[in-house]
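A.B. asks: Would you mind keeping the following structure in view while I ask a few things?
The values are calculated or read from the model by the stated rules, or taken from the named source; none is laboratory data. All values derive from a computational prediction rather than experimental measurement.
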Amino acid sequence: MSRASLQADLANAQARAVRLSARIQQLERRLSPELGEQAWRESGLGAPTDIEELQRTITQLEQRDVELTEALDESQADLAAAREANRELPRILNQRREQPDPGRARPQ
């Protein structure tokens with residue numbers, strides 16, 4: 001083997017290394033988005049849901065919120081009325097005990 005043939009082999013190997021390096025970088029650039037997409041899907045986050053479906057869900061949840069708020073307001077009003085009745089009941093019963101029964105004759 002002569003020095004010239006060794007230099008030619010070295011130059012060819014270096015050129016091949018440069019080409020392979022460029023090809024590797026090209027493949028890495030193509031592979032990176034694919035791996036990112038795959039990781040996104042596997043993470044459970046997936047692709048964005050249909051916007052219209054999300055809007056329908058939001059509308060349904062807002063309506064449910066209104067219904068539950070109204071039901072809560074009604075329940076709180078009923079509770080307030082029941083508490084007031086519970087406060088009044090002993091007062092009414094005490095007043096009846098203090099008043100003479102009109103059907104009874106008074107002792108003299």
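A.B. asks: Can you tell which of Leu89, Leu35, Leu31, Leu61 is part of a helix (DSSP H, G or I) and modelled with pLDDT of 95 or more?
C.D. replies: Checking each option against the conditions leaves just Leu61.
A.B. asks: A further question follows. Being in a helix (DSSP H, G or I), of a type outside the set (A, V, I, L, M) and modelled with pLDDT of 95 or more is the requirement here; does Gln55 meet it?
C.D. replies: no
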